[in-house]
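To start, the structure under review is shown below, and the notes come after it.
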Amino acid sequence: MNEEAFEEDERYKEATKQAKIAFMFWGFWVLVTLIIGLSMTLTRPLGQVNFILGFPDWVFYSLIVWQIVSLFIMLIVIKMFFKEVPI
Amino acid sequence: MERVIPVFEIIIAMIIYSVILILLGYMGYKVTSKRRVVDARGWLLEYFLGGRELTWLILMYTAVATIYSAGTFIGAPGLAYGGGYVWPFTVSFQHYSAFLMFFLAGIRYAILGKKLGWVSYLDFFRDRYESRIVHIFGALGILIFITAYIAPQFVAGARLFEAITGLPYWQMLLLFLLIVLIYTWIGGFRAVVYTDLFQGILMTIGAVIIWAAIIAIPGGFSQINETLLKTDPKLVTVTWATLPTAILGIFVFGLPTVALPHGMVRCMAYKSSKDMIMAAIISAFIVTLFSNSFQLWGAFTRAVVPGLKVADHAIPTLIATTLPGWVAGIMLVAPIAAMMSTVDSMLLVVATTAVKDMYITYVNPEASLERVKRITVIVSIIISIVVVFVAFYPPPYLEYLVMYALGGLNAVFWWPFIGGLYWKRANKYGAMASMVFGLPFYIVTDRFLRPYFLMLHAAIPTFFIVGIVYIVATLLTPKPPMSIIRKFWGK
């Protein structure tokens, strides 16, 4: 079988790295969203809800606060780890 | 609350909007025809992929407008109307979908696309797997399911318009169809992308305006939330019963949508990696704004306009009720814009598959530039006739095709795409097995097997089980040829 080694295009290393980091970031964001949202709802008796700025607190912390925080984490991660690659 | 529908303003807004779309279509045509093209391949690149020239802002809006359609702006808020805040929560898992799509396809997909001359979504599958079965199965999937998906979008849009404004259904349907078909075929990919940019900016401004209007509602949020609490305390929280709903978003709105053809083609149409990264970043902000806004509004509307018989009317009714005449007129066009911006991309995907994947690949590989242009015209006429026909005379089984269209295509394409792109071991047998298995499995699971999967949405077990089939089938069969590996990983 023809198993000659060949030179790999180094650009793919950066591309694959970006894909991995993006996916891990996504997974992390999903997990935290779930934890925030579900921990503040499933553990409480029905009808007991606090409201912050017009939203149920669990909505406020997951869909607003955490979303915004995650956006900035995303910016930092990209700024720090992602390089430009010529296409 | 007094509901005065500003019909006159809506008609004017629709007319202006249609004219702008046609003009943008013409602009797309002019720019495309100015590009120097020497052969059929060059022309296909310009017409179906805009010459790989997209810069970040237009790239971002076209990705967002294409992926997120009426579902995000009408359907899901309708679910929030009925089920409360659990829906904004679950739908929020789509905030990073465009972001994920850009990075999972990544620079690698764009580099390979340019190097190997890809124009169609299926080109990746053709070159990576070198299997007729995979190629044709994928082509049939696109031709059948995406075509089926298009017409009902128009129908739903026209019905919605009629319900809210009283404007006649047939005329609205014909109008929407004509506008989209005209600008899409005249201007090709560029027309679609320019109109996406226009519609995206419109929606961004609209989102801000609608928030302003909602904040101005007398009684404010506390009134809204008290009403919701009184109506049904389950609306404002998540219970163990609604837990499956709370998490389905990850697999219905989040992860799988990244591999869909009409979105993914944009990932080989951009100018530079910088454009891609910028677009990915900004898309996360914009989608968070859109998605959160419309979903939360859907939940609010249950308190503002209780008693709606059709949940889908929630957002348009909210717009008509809370915004002043002219603004409401313009904003009511927004859900229609969302629908059009998804459907125009789908039309092009179907045409690309018919012309490039089917005709050129299997009928006439040496087709000349003139011939390809002529075939494209014929194909676009045929697709248009089919879409119009299906819109006015829908066949009885249509709703099943639509129901399973996107989920089914996800089941077919996701693993072969990601696996093919990143896993050297991936071979055509794995792709074949998971594609042929995935589609029927998704449908059967949805209809019969959900009780065995804790009543989870069919997309969830499908995602994992198709993945297992893909990996196992791959490992049980021979390695892919070295020539393919060299093509995809070599310099």
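The values are calculated or read from the model by the stated rules, or taken from the named source; none is laboratory data. Keep in mind that what you see is a predicted model, and the values were worked out from it rather than measured. Here Cβ is always computed from backbone atoms with ideal geometry, including for glycine, and neighbour counts include all displayed protein chains. Heavy atoms of the whole protein, side chains included, go into the accessibility calculation; ligands, DNA and RNA do not. Shrake-Rupley method; radii C 1.70, N 1.55, O 1.52, S 1.80 Å.
Would you kindly state how much longer the chain becomes between A:K79 and A:D57 on full extension, computed as 0.36 nm times their sequence separation minus their alpha carbon distance, in nm to one decimal?
Here the segment from A:K79 to A:D57 would lengthen by 4.8 nm.
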| query | Which FRET efficiency, nearest 0.05, do B:V38 and A:I68 yield, Cβ-Cβ r, R0 51 Å? | reply | 0.55
| note | Check: C-alpha center the range B:225-283 vs C-alpha center the range A:35-67, spacing in Å is 18
| said: Within the range B:395-427, name every residue whose backbone N is under 19 Å away from a label modeled 7 Å from Cα of B:A163 along the Cβ vector. | reply: B:399-400, B:402-403
| query | So, in nm, how far is label B:T227 from label B:T239 when the simple model puts each one 7 Å beyond its Cα toward the Cβ? | reply | 2.2
| query | Residue separation times 0.36 nm, minus the C-alpha to C-alpha distance between B:Y397 and B:K114: what's the value? | reply | 97.9 nm
| Tell me, what is the 1.4 Å probe accessible area of B:I186, in Å² to the nearest 10? | 80
| Given labels modelled 7 Å from the Cα in the Cβ direction, how far is it in nm from B:V19 to B:V444? | 5.7
| remark: Two pseudo-spin positions, 7 Å from Cα along C-beta at A:M24 and at B:L174, lie apart in nanometres by 5.9
| When the convex hull of the Cα atoms of the range B:436-491 is projected onto a plane and the area is averaged over all directions, what value comes out in nm²? | 5.1
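Based on the Cβ-Cβ distance of A:E7 and B:I136, what FRET efficiency does E = 1/(1 + (r/R0)^6) give at R0 = 30 Å, to the nearest 0.05?
With a Förster radius of 30 Å, E is 0.30.
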| query | Ordering A:W29, B:W185, B:W170, B:W56 by how much accessible area each has at a 1.4 Å probe, largest first, what is the list? | reply | B:W170, B:W56, B:W185, A:W29
| task | Over chain B, with every protein chain in place, what whole percent of the accessible area is carbon and sulfur at 1.4 Å, could you tell me? | result | 70
| note | Mean shadow area (nm²) of the C-alpha convex hull around the range B:92-210 is 10.4
| task | Any chance you could give the angle, 0 to 90 degrees and rounded to 10, that helix B:369-392 forms with the longest Cα principal axis of chain B? | result | 40
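Note down the net charge around B:K356, summing +1 for each Lys or Arg and -1 for each Asp or Glu among other residues with Cβ under 15 Å from its Cβ.
For residues surrounding B:K356, the net value is -1.
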| task | Working with all protein chains in place, sort B:R128, B:R52, B:R447 by solvent-accessible area computed with a 1.4 Å probe, largest first. | result | B:R447, B:R52, B:R128
| field | Simple Cβ-charge dipole of the range B:366-487, Lys/Arg +1 and Asp/Glu -1, about Cα centre, in debye nearest 20 | value | 560
| request: Report, to the nearest 10°, how far helix B:273-304 tilts away from the longest principal axis of the Cα atoms in chain B, using its own Cα long axis and a range of 0 to 90°. | output: 30
| query | At a probe radius of 1.4 Å, what is the per-residue accessible area of B:K274, in Å² to the nearest 10? | reply | 130
| remark: When every protein chain stays in place and a 1.4 Å probe is rolled, B:I375, B:I136 sorted by accessible area with the largest first are B:I136, B:I375
| request: Straight distance only, please: which lysines reach the Cα of B:K230 with their own Cα at less than 23 Å, same-chain residues fewer than 8 apart left out? | output: B:K309
| query | Can you tell me the Rg and the Dmax, both Å, for the Cα atoms in the protein assembly as shown? | reply | 23.4, 78
| B:R486 - accessible surface, heavy atoms, 1.4 Å probe, Å² rounded to 10 | 80
| query | Over chain A, what number does the Rg to Rh ratio reach, with both radii from the alpha-carbon atoms and Rh per Kirkwood? | reply | 1.26
| remark: Taking r as the C-beta separation of B:W326 and B:L454 and R0 as 45 Å, the FRET efficiency to the nearest 0.05 is 0.35
| message | Report, in listed order, any pair from B:K356/B:K424; B:K356/B:K491; B:K373/B:K491; B:K114/B:K274; A:K83/B:K34 with a Cα-Cα distance greater than 22 Å. | response | B:K356/B:K424; B:K356/B:K491; B:K373/B:K491; A:K83/B:K34
